[in-house]
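Data first, discussion second: the structure below is written as structure tokens.
The values are calculated or read from the model by the stated rules, or taken from the named source; none is laboratory data. Computed from a predicted structure; not experimentally measured. Quick reminder, even Gly has a Cβ in these numbers, built from the backbone with ideal geometry, and neighbours come from all protein chains shown.
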Amino acid sequence: MEQRRRAFEALRLGARTKEANLPQRHREHREEQDLLSKDQASDIFDRIRKFSTADETEVLISGGRFALTRFANNSIHQNVEDENHVVSVRTVFGGRTARAFTNKFDDDSLRRVVASSESLAKVQHPDSDLLPMPDSREADGSTEKRVQATQSPSRHFAETALITPQLRADSVKKIVDVAEKHKLTTAGIFSSAESVEGIFNSRGLNKWHTQTLAEVSITMLADDSSGWQKANSPDVTNLDPHFLAEVAAKKAIDSAHPAQIPAGKYTVILEPAAVLDIVGFMFWDYSGMAILDQRSFLTGRIGSQLFGENITIWDDVAHPLQTGCPFDGEGMQRQTVPLVENGVVRRVVYARATAERMKRSEQKDKVGPIVPTGHGFALPNEMGEMPVNIVFATPQDSQTLSQMIGSTERGVLVTRLWYIREVDPYEKIVTGMTRDGTFLVQDGQLRQGVRNFRFNQSLIHMLSNVEAMSVPVRASGEESFDMVVPAMKIRDFNFTEVTKF
Amino acid sequence: MKEIANWALNVATMRGASYADARIVSQRSRALTTKNGKVGSASDSESTGISVRVIADGAWGFAASEDLSRPGVEATAARAVEIARASAQVKQEDVRLAPENAVTAEWITPHTIDPFSISVEQNIALLLNIDSELRSVAGITLAETNLNFNREEQWFVSSEGSDIHQTRYSAGAGYTAYAFAGNEIQKRSYPNSYGGQWQNKGYELIEELKLVQNARRIAEEAVALHHAEQCPEGTFDIILDSSQLGLQIHESIGHPIELDRVLGMEANFAGTSFLTLDKLRRLRYGSEMVNVVADARQEHGPGLGTFGFDDEGVPAQCTPIITNGLFTGYLSSRETAHTIGENRSGGTLRAEGWNRLPMIRMTNISLLPGTTPLTLEQLIASTDHGILMQTNRSWSIDDKRYNFQFGCEIGWEIRHGKRLRMVKNPSYSGITTEFWNSLDAICSREEWTLWGTPNCGKGQPQQVMGTGHGAAPSRFRSIKVGSAYKGS
């Protein structure tokens, strides 16, 4: 039931990425074809608006081309490509709203999706919290000094868009060559994507974003050990599959014949992917709606020293190592927001309506600045908003991974975490397993591989016990969304059980 | 649609594919939620497209498109062959498919009431009625409800001559009441957590669930948890209710028996399995009472893993997985059947939609009920000291499916055959085979429920699939309880 990350992705813009449509085009040579353009999307919006009888109409369009070559047992065993575009229509009648989706863009289909949205909206009860749709001026601006609107760099790279099945196979061959050189077995993926996201509304707002992304993930397997590496980037030239394969292979070789050491509290060194996967479980709570719903662990804690003074976290879509769309599910420009400063939780993010509700709530004086920050999910939804471009600040005295190991008398180095789930929502205890490269550190050196641990760890305590951090890097895991995070050395990390491998 | 699908087969075979199949899928879904007295979200969705799966040069290729025009379909088929030829450059051996007879068939989920025939007003009124009941209990700080309906129509054709038209309906409903007070958030859900109960049925499922009738009790339990003692830590006999046991089956039996995991195909993401091939018909998986089947047939019940044919045209089957405690079967496909000495697929290959590659997925993985009449209350009465745990709150298991830990929403300490007191934050952990070998009692058929898990994730790109799990409340001896809260 490993579906949390998928749920997040579906919520991000409210679009159903599994659904698809393009105007009919014939593609013997797809690499030479463009995806849906903003002009084509604008035409779709114009037709939808013509069919709509609603007070207000909003259209989200998202999709693209996705390809993934999957390998295992030193062979390519799955190799897929699909092209997806979906349009969703939100209509509003006197404070009542609903959304409908389709993947067909002909007039009959668009008439039907508009009618479906309208009929759903008309049977709602009026929602006094529903705001008029934003116009471009509102969507682009913020009058609040602590929130900054910054320009995101281009995230579309032709080299990535033009990746072919042949190019992916060539890279996989190099990864397999590394595995065979070391007498290992490898499994993993090489994927490439080119995507668009757009929003149009009847108050004149229109925004469009294009992006590419290439990703490599490699597991190397030995008889009783394994190693793993993963990286992604909008620009495929930033990826080095051969290097990643060698690092994963070294982890598998070095962790062979793992020893069993007892569960207990250890100093741990979490590599960046492990950090992002575990801390990702707290960012759903940095949301005004989560505070209003009293489902956030930050309820009653904003402004308090919750973490160590060395922890500072921003949400920043414009960071050069970040990816993603610069506007939210209503078209509001994503702002750069300081969430945690020197261990003190300063603020949470807001969709427009959530900010208005919070201003009227009893908690309005306890939650820091209240302003729409451009982090809302597509309406209507129950979750409100969430920061999705997390960046940890560079520490003043950063250490390399080697320095962290060198300064550790006895501890555990963790490559990757797995199957993390929340045990306690307010103390923010999460459980999960180590995986694919877990090592005993003793007297400043990596000694040997150890059997994997189960942990039960409060994130509040964990981020209060960080002794050292590296320079943050773009990291990618499987349990949470990509972030810019450091490796961390943490004392008293709570391993509660040991598994059999 | 059959004609459109055949355009794809013709081009694929002309381009040199030794095998090809095409699926055209048309999906419709409706999702309604409420939160604290308001509609939270309301959406309808439609999606139609085609996928083409081929073997060329002994390797797989797959391409999918929404474009159902003849040139579009033919281009998609040609692309699938091109991708297969790229795959063939990194292979150890050619793909081998277990033989399967070509079949022409129609299949539809038996249902009484088309869920899309029920007005949205009626659905919203039901959800708001539940919401009102939940929030009528002092101390409830958040109430959430959901209704979901799906219809998926599929046309499957293959180069071997199969022609299958299949329509599947599913429905789901549930709610959760939250109580925040002091430094604690407690919650209770009905009929199950994370979306409630889901089955392959029409609207009649919603009418069967007695949603409104249970709302006040659920809300009262959520509030009462704040006054309950922390679940004790130590070694206890535990009784799991059928919904929690369904998830236990899912994680510690359903996933490890997936043959693609066993063969290393999921090693990079979902993981592998401790059930290596040498363990088939040799491993004592559980106690003598443990009998588990993978049953996709309608006669097993309306589970989310029930169908007429899988997504490579293999008829639904029942495979014995654990027989009187002995491990006896895997979930297999046409590609993997030969690795366990079978000459036919077990029929478990399924895809999330038209644009995803079918892969081995759980069907209905069910623990058969006890054959001796035994109710939950009788099971409690026969327990001297133990913890009854109900409704999942958290779940986690390692990537070979050995070590697991589950948390539940509510527990009850049992002393001398009676429920002594409610306890909060119950959790338990263990090693899969040790756990199943500790089972010493299973309630009988009248306590057995076929639960639906609508959100099983697997594969790259990840696909979300519905699976079914039948279970009756059961007792496990000497289980580790409470380490989730130890020292965290």
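Put simply, of B:I218, B:I257 the only residue that is modelled with pLDDT of 95 or more, surrounded by 23 or more Cβ atoms within 10 Å (Cβ to Cβ) and closer than 30 Å to A:H77 by Cβ is B:I257.
From the list A:S225, A:S217, A:S191, the lone residue that is in contact with a Lys or Arg (Cβ under 7 Å, 6 or more places away or on another chain) and within 13 Å of chain B (Cβ to nearest Cβ) is A:S217. Mind checking which residues of the range B:319-345 are closer than 22 Å to B:Q199 by Cβ and crowded, with 22+ Cβ neighbours inside 10 Å? Result: B:I321, B:L331.
The condition of being crowded, with 19+ Cβ neighbours inside 10 Å and either basic (K, R) or away from chain B (no Cβ under 13 Å) (or both) holds for only one of A:G198, A:G141, A:G204, that being A:G198. When B:A98, B:A102 are checked against the criterion of being in contact with a helix residue (DSSP H, G or I) (Cβ under 9 Å, 6 or more places away or on another chain) and on the phi < 0 side of the Ramachandran plot, B:A98 stands alone in meeting it.
Considering every residue within the range B:296-304, establish whether at least one is under 30 Å from B:R477 (Cβ atoms) and acidic (D, E).
no
With respect to the stated conditions, A:E427 fails to be out of contact with any helix residue (DSSP H, G or I) (no Cβ under 6 Å at 6 or more places or on another chain), at pLDDT below 95 and within 14 Å of chain B (Cβ to nearest Cβ). Being within 11 Å of chain A (Cβ to nearest Cβ) and either assigned to a loop (DSSP other than H, G, I, E, B) or on the phi > 0 side of the Ramachandran plot (or both), is that true of even one residue in the range B:137-147? Yes: the range B:137-147 contains one or more residues that are within 11 Å of chain A (Cβ to nearest Cβ) and either assigned to a loop (DSSP other than H, G, I, E, B) or on the phi > 0 side of the Ramachandran plot (or both). Applying the criterion of being in contact with a Phe, Trp or Tyr (Cβ under 8 Å, 6 or more places away or on another chain) and crowded, with 24+ Cβ neighbours inside 10 Å to the residues of the range A:99-114, the residue that is farthest from the other protein chains (Cβ to nearest Cβ) is A:V114. Looking across the range B:38-50, the residues that are facing chain A (nearest Cβ under 9 Å) and either in contact with a helix residue (DSSP H, G or I) (Cβ under 8 Å, 6 or more places away or on another chain) or surrounded by fewer than 24 Cβ atoms within 10 Å (Cβ to Cβ) (or both) come down to B:K38, B:V39, B:G40, B:S41, B:A42, B:S43, B:D44, B:S45, B:E46, B:T48.
The listed residues are B:L368, B:L450, B:L439, and the only one of them that is more than 22 Å from the chain's Cα centre (by Cα), over 30 Å from B:V54 (Cβ atoms) and either of a type outside the set (V, I, T) or away from chain A (no Cβ under 12 Å) (or both) turns out to be B:L439.
Highlighted here are the strands (runs of 3 or more DSSP E) found entirely within the range B:1-113 that include at least 3 residues which are among the polar types (S, T, N, Q): B:19-35, B:38-56.
Of all residues in the range B:359-373, none are closer than 30 Å to A:E497 by Cα, surrounded by fewer than 21 Cβ atoms within 10 Å (Cβ to Cβ), aliphatic (A, V, I, L, M) and not assigned by TED's automatic domain parsing to the domain that holds B:S51. Any idea how many residues of the range A:356-371 are surrounded by 21 or more Cβ atoms within 10 Å (Cβ to Cβ) and either in contact with a strand residue (DSSP E or B) (Cβ under 9 Å, 6 or more places away or on another chain) or not assigned by TED's automatic domain parsing to the domain that holds A:A290 (or both)? Count: 0. Scanning the range A:264-288 for residues that are in contact with a helix residue (DSSP H, G or I) (Cβ under 9 Å, 6 or more places away or on another chain) and not in a helix (DSSP H, G or I) returns A:V268, A:I269, A:L270, A:E271, A:S287. Put simply, of A:R451, A:R447, A:R421 the only residue that is basic (K, R), surrounded by fewer than 24 Cβ atoms within 10 Å (Cβ to Cβ) and either modelled with pLDDT under 95 or within 22 Å of the chain's Cα centre (by Cα) (or both) is A:R421. The single condition among (1) of a type outside the set (F, W, Y); (2) assigned to a strand (DSSP E or B); (3) within 14 Å of chain B (Cβ to nearest Cβ) that A:L446 does not meet is (3). Within the range B:271-314, restricting attention to residues that are in contact with a strand residue (DSSP E or B) (Cβ under 7 Å, 6 or more places away or on another chain) and either assigned to a strand (DSSP E or B) or of a type in the set (F, W, Y) (or both), the residue that is surrounded by the fewest Cβ atoms within 10 Å (Cβ to Cβ) is B:R284.
Taking the criterion of being within 14 Å of chain B (Cβ to nearest Cβ) and more than 27 Å from A:Q322 (Cβ to Cβ), the only residue of the range A:379-420 that qualifies is A:P380.
Scanning the range A:457-501 for residues that are within 21 Å of A:N342 (Cα to Cα), among the aliphatic types (A, V, I, L, M) and more than 22 Å from the chain's Cα centre (by Cα) yields A:V466, A:A468, A:I490.
Scanning the range B:177-227 for residues that are touching a Gly at 6+ places or on another chain (Cβ under 9 Å) and of a type in the set (S, T, Y) yields B:S189, B:Y190, B:S193, B:Y194.
Filtering the range A:305-343 to residues that are over 20 Å from A:D482 (Cα atoms) and either under 15 Å from the mean Cα position of the chain (by Cα) or assigned to a loop (DSSP other than H, G, I, E, B) (or both) leaves A:L306, A:F307, A:G308, A:E309, A:N310, A:E330, A:G331, A:M332, A:N342, A:G343. Scanning the range A:224-245 for residues that are out of contact with any Cys (no Cβ under 7 Å at 6 or more places or on another chain), closer than 30 Å to A:F51 by Cβ and in contact (Cβ under 8 Å) with a residue 12 or more places away in the chain turns up nothing. Each residue in the range B:114-133 was checked for being part of a loop (DSSP other than H, G, I, E, B) and small (G, A, S), and 1 pass.
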